[in-house]
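Chemist: Quick one: the structure is below, questions incoming.
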Amino acid sequence: MTPIYTASAVSTGDARNGHVASTDGLIDTDVRVPKEMGGAGGATNPEQLFAAGYAACFHQALKAVGGKAKADLTDSEVVADVSIGDNGSGGFQLAVQLEVTIPNVDASVAQELVEQAHQVCPYSNATRGNVEVALTVA
């Protein structure tokens, strides 16, 4: 791969209860273990950041394939739910649920666009075969 852009971020402090920042300064925030995992909560966490990135990236892929198909993607929306759980081997794993809303196209066209976007999206390509990703058209 020939990179066209590289993002860089740094984690400091107490890891999941520390601080993350992008090297350009646009992200600069504390992170905390969520209450559901026994932490204090009260700040973002890596799963939320991954969910936000995946949602935006998938939405862009959807816009790209939808544009080629001349589909009306006005008011389209992608919700990414990222779950973390025990992998059964002493570690953790992620699972993703993407819920896509495309109100101005019929369901079969929406499903096809979502499947095409899943082949184009860099997050989908990075997770394929490693992270369970479920696609739902709302």
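Chemist: Pull up all non-local amide H partners of residue 31: gap of 5 or more, or a different chain, and H-to-H distance under 5 Å with H placed in the peptide plane.
Modeler: So residue 31 has HN proximity to 18, 19, 20.
Chemist: Also, I was wondering about something else. For residue 19 and residue 95 in one chain, what is 0.36 nm times their gap in residues minus the Cα-Cα distance, to one decimal in nm?
Modeler: Extending this stretch completely gives an extra 25.0 nm.
Chemist: Based on the alpha carbons, how large is the Rg to Rh ratio for the chain when Rh follows Kirkwood?
Modeler: Across the chain, the Cα-based Rg/Rh ratio is 1.02.
Chemist: Solvent-accessible area per residue for the stretch 51-117 at a 1.4 Å probe radius, Å²?
Modeler: 53 Å²
Chemist: Further, regarding this structure: Would you mind putting 127-138, 105-116 in packing order, based on average other-beta-carbon counts within 10 Å, highest first?
Modeler: The packing order, highest mean first, is 105-116, 127-138.
Chemist: Give me the orientation-averaged projected area of the Cα convex hull of the stretch 42-114, in nm², one decimal.
Modeler: If I average the Cα hull's projected area over directions, I get 6.3 nm².
Chemist: Please check: in the Gaussian network model of the chain (C-alpha springs, under 10 Å), which one of 62, 49, 98 has the largest mean-square fluctuation.
Modeler: Result for the chain, Cα springs under 10 Å: 49 fluctuates most.
Chemist: Ignoring everything except DSSP H segments at least 4 long, calculate the 222 nm mean residue ellipticity for the chain; use -39,500 (n - 2.57) per segment, divide by total residues, nearest 500.
Modeler: -10000 deg cm²/dmol
Chemist: In what sequence, largest accessible area first, do 11, 124, 89 appear using a 1.4 Å probe?
Modeler: 89, 11, 124
Chemist: Say R0 is 35 Å: what FRET efficiency, to the nearest 0.05, do residue 107 and residue 86 get from their beta-carbon distance?
Modeler: Efficiency computed from Cβ-Cβ geometry: 0.50.
Chemist: Using a probe of 1.4 angstrom, how much of the accessible area of the stretch 23-138 is carbon and sulfur, in percent?
Modeler: Carbon with sulfur: 50 percent of the solvent-accessible area.
The values are calculated or read from the model by the stated rules, or taken from the named source; none is laboratory data. Everything quoted here is computed from the prediction, not taken from an experiment. Don't worry about glycine lacking a Cβ; one is built from the backbone with ideal geometry, like all the others, and counts go over all protein chains shown. Only protein heavy atoms, including side chains, enter the accessible area calculation; ligands, DNA and RNA are left aside. Shrake-Rupley method; radii C 1.70, N 1.55, O 1.52, S 1.80 Å.
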